[in-house]
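Chemist: Would you mind keeping the following structure in view while I ask a few things?
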Amino acid sequence: MITVCALCLKVPRGEAESTRKKLLELGLLDIGVRIRRDGDIVLLPVLSSEAATLGYEIAEEEMDSREVLETDYRNVADVPDGVRERLPTSFDIIGDVAIIRLEDDLAEHADRVGEALLRTFPRLRTVALDQGVKGELRVRDLQVVAGDPSTETVHLEHGVRLAVDPAKEYFNPRLANERMRVASLVKGGEKVVDMFAGVGPFSIMIAKHASPAVVYAMDLNRDAVEHLKENIRLNKVTTVVPLEGDAVELLSGIVGADRIIMNLPHSARSFFADALTKLNMGGTIHLYVICERDEISSIAVGLSAEARGMCVRIGMDRIEELKTYSPTMSVFALDIRLLDWC
Ligand code: SAM
């Protein structure tokens, strides 16, 4: 057993069970840590200080982790040694769902890999094999290989709770810091448009951590928009307006935006001109692009030329390589500011 320093809610014994259920429902119970009794008080481990809103004292305590000492799941996987050393060292976790990628010839071992992950990380409920992101809606083809068959979960990032089903809608937990960075740039009273919002991670992060006048959150995927609406309720944000449909059509109904987020890295560039016509002078577009690493400069030059063709001048405030996509390709974030007419 490992001892960890965990945030706990101190609840009288008689109220412990109902509070535990409430925390579970809110996605705030830290199921990776054991509940402990201390006289008439029960210490319920929680994931965030938000749990204090239930009205009990909250404090850091030494607690027993449920996690076993073995932290490399590969050592407990029931697979031949030649396979073990080819298993991935990292995987994505969305809420309590782990998403693994395996080379094609290792797929037959996926259920044993899943079991090993569940044993090593007790806070996981489900393990799913990722067979690639497909189609216009960018949905992952997931096959559950161990644990609970449902992939619907609640993911927590920077104090934002996101209900999401990664088998039905796109969500990338690796962009949490980028979303927080964008939220930190938003000034009070801004009108923001999130053209490809998914379940709303950018929109809700902005509404929660900044004070925009409004965030229009658009998506074509009906399931994503349903979760987006749920996430607006879960996070009690009032400035996010969910809009289901094609972003270009929806954009035609918007008059002037201070900031437009375009997170559809394979094809957002083709919507750039539509977005630019809606941007207020001095406003910013956050454009995400997947391309060959040595192509990004010429893409930036091409965007400037496209803007000049619309009689405006843009400035590249920032071009940042966010993550590797393939041996030669990466995802880039471009902060593009509308400077003036030309
Ligand atoms: N911004 C979200 C995030 O960070 O998790 C989702 C990004 S995902 C890469 C792109 C999203 O764009 C998907 O949810 C997809 O359904 C949506 N999408 C694709 N084409 C669209 C269109 N023409 N109009 C509106 N949404 C679209």
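The values are calculated or read from the model by the stated rules, or taken from the named source; none is laboratory data. No experiment lies behind these values; they were computed from the predicted model shown. Glycine gets a Cβ as well: all are built from the backbone with ideal geometry, and neighbour counts include every protein chain shown. Please note that ligands, DNA and RNA were not included when accessible areas were found on the heavy atoms of the full protein model with its side chains. Shrake-Rupley method; radii C 1.70, N 1.55, O 1.52, S 1.80 Å.
Chemist: Filter region 15-48 down to the residues that are assigned to a helix (DSSP H, G or I) and open to solvent by 80 Å² or more (accessible area, probe 1.4 Å) and list them by number.
Modeler: GLU17, LYS21, LYS22, LEU24, GLU25
To keep it simple, each residue is scored yes or no on (1) at pLDDT 90 or above; (2) basic (Lys, Arg).
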{"residue": "GLU50", "(1), (2)": "no, no"}
{"residue": "ASP64", "(1), (2)": "no, no"}
{"residue": "GLU67", "(1), (2)": "no, no"}
{"residue": "ALA77", "(1), (2)": "yes, no"}
{"residue": "ASP92", "(1), (2)": "yes, no"}
{"residue": "ARG101", "(1), (2)": "yes, yes"}
{"residue": "GLU115", "(1), (2)": "yes, no"}
{"residue": "VAL127", "(1), (2)": "yes, no"}
{"residue": "GLN131", "(1), (2)": "yes, no"}
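Chemist: Moving on to the next point. Residue under question is ALA51, and the condition is that it be assigned to a helix (DSSP H, G or I) and surrounded by 17 or more Cβ atoms within 10 Å (Cβ to Cβ); does it hold?
Modeler: yes
Chemist: Could you say which residue among HIS227, HIS209 is more than 20 Å from ASN177 (Cα to Cα) and within 16 Å of the ligand (Cβ to nearest atom)?
Modeler: HIS227
Chemist: Select from region 218-261 the residues that are among the polar types (S, T, N, Q), within 16 Å of MET205 (Cβ to Cβ) and under 18 Å from the mean Cα position of the chain (by Cα) and list them in ascending order.
Modeler: ASN231, ASN235
Chemist: Filter region 231-251 for residues that are open to solvent by 70 Å² or more (accessible area, probe 1.4 Å) and under 24 Å from GLY135 (Cβ atoms) and give the result.
Modeler: GLU244, GLU249
Chemist: Follow-up. Would you pick out the residues in region 321-335 that are among the small types (Gly, Ala, Ser) and closer than 9 Å to ARG293 by Cα?
Modeler: SER330
Chemist: Could I ask something else about it? Consider VAL193 carefully, then state whether it is aliphatic (A, V, I, L, M), closer than 26 Å to VAL255 by Cβ and either over 16 Å from the mean Cα position of the chain (by Cα) or more than 8 Å from the ligand (Cβ to nearest atom) (or both).
Modeler: yes
Chemist: Related question: Give me a count of the residues in region 295-331 that are assigned to a strand (DSSP E or B) and open to solvent by 30 Å² or more (accessible area, probe 1.4 Å).
Modeler: Summing the residues that are assigned to a strand (DSSP E or B) and open to solvent by 30 Å² or more (accessible area, probe 1.4 Å) in region 295-331 gives 11.
Chemist: Is at least one residue of region 132-151 more than 20 Å from ILE94 (Cβ to Cβ) and either open to solvent by 10 Å² or more (accessible area, probe 1.4 Å) or not basic (Lys, Arg) (or both)?
Modeler: yes
Chemist: Which residues, counting only those in region 115-124, are touching a Leu at 6+ places or on another chain (Cβ under 8 Å) and open to solvent by 10 Å² or more (accessible area, probe 1.4 Å)?
Modeler: LEU118, LEU124
Chemist: Scan region 179-190 and give yes if some residue there is under 17 Å from the mean Cα position of the chain (by Cα), away from the ligand (no atom under 15 Å from the Cβ) and in a helix (DSSP H, G or I), otherwise no.
Modeler: yes
Chemist: A further question follows. Tell me whether region 97-104 contains one or more residues that are outside any loop (DSSP other than H, G, I, E, B), within 20 Å of SER203 (Cα to Cα) and within 16 Å of the ligand (Cβ to nearest atom).
Modeler: Scanning region 97-104 turns up no residue that is outside any loop (DSSP other than H, G, I, E, B), within 20 Å of SER203 (Cα to Cα) and within 16 Å of the ligand (Cβ to nearest atom).
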